[in-house]
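Here the structure is laid out as structure tokens; the discussion comes afterwards.
The numbers here are math on the coordinates, done by the rules we state, and not lab data. Source: prediction; values computed, not measured.
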Amino acid sequence: MSNPVPPPTGMAETQRPQPAGTPDATPAVRTSWRDGRSGLLLSLLMVLFSTYLLIGILTMDVGEGTDFPGPKFFPGILMVAGYVLAVLLALHYLRSPEHPTETSARTYRTFTDWSAVLWSAGGFLLFALTLETLGWIIAAAMLFWFVAKGFGSRRPLFDVSFALLISSAIYLAFSVGLGLNLPSGILGGSF
């Protein structure tokens, strides 16, 4: 058997002539202005959500004696941030559309890590069912642990310790800082 003919000198490996019947690895021809700009849908969703917040803020009944920051302050921050990020994303996708065929001729299958989904969904369900009984600190720590386990953490003692620290800090921030009551459950002596 004879060896295949080497490419002419000066041709790079990617410039070799393709055998007949081989799919061409060149990028697809752009047929529309919309090609590579599907990220604009995210900008649209952010504008819709921010507009929903704006309508909620404008139609919210707030008493005249309400102190700063008041119930309109945090939704207002989210609304402004949503509009700003939507504009920045839109500018990004308008200036430099993403064409996946330019970077690779491969086709990728989507992949869902069902183990992570089940651990996280189970944690949310358990959190919702036990919040009143166990209280915020324990239920939120349990939720954090379930999500960390779902994402593949292999340090359960660290996860539980960190989860208790974060859920306690959130409980204190809401109770002491904002004056809002989260369920205390068995730690509060209600059961």
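Assorted remarks:
- A simple rule links phi to the HN-Hα coupling: the Karplus curve 6.51 cos²θ - 1.76 cosθ + 1.60 with θ = phi - 60°, which for region 176-186 gives 7, x, 9, x, 9, 9, 9, x, 8, x, 5 Hz, with x for Gly and Pro.
- Cα gyration tensor, region 119-159 - rounded (a/c under 1.5), prolate or oblate: oblate
- Extension gain, SER161-LEU129: 0.36 nm per intervening residue step, less the Cα-Cα distance, totals 9.3 nm.
- HN-Hα J in Hz across region 136-141 - Karplus 6.51, -1.76, 1.60, θ = phi - 60°, x for Gly and Pro: 4, 4, 6, 5, 5, 5
- Our coupling estimate for region 151-166, obtained by passing each phi through the Karplus curve with A = 6.51, B = -1.76, C = 1.60 and θ = phi - 60°, is 7, x, 5, 10, 10, x, 5, 4, 4, 5, 5, 5, 4, 5, 5, 5 Hz, Gly and Pro reported as x.
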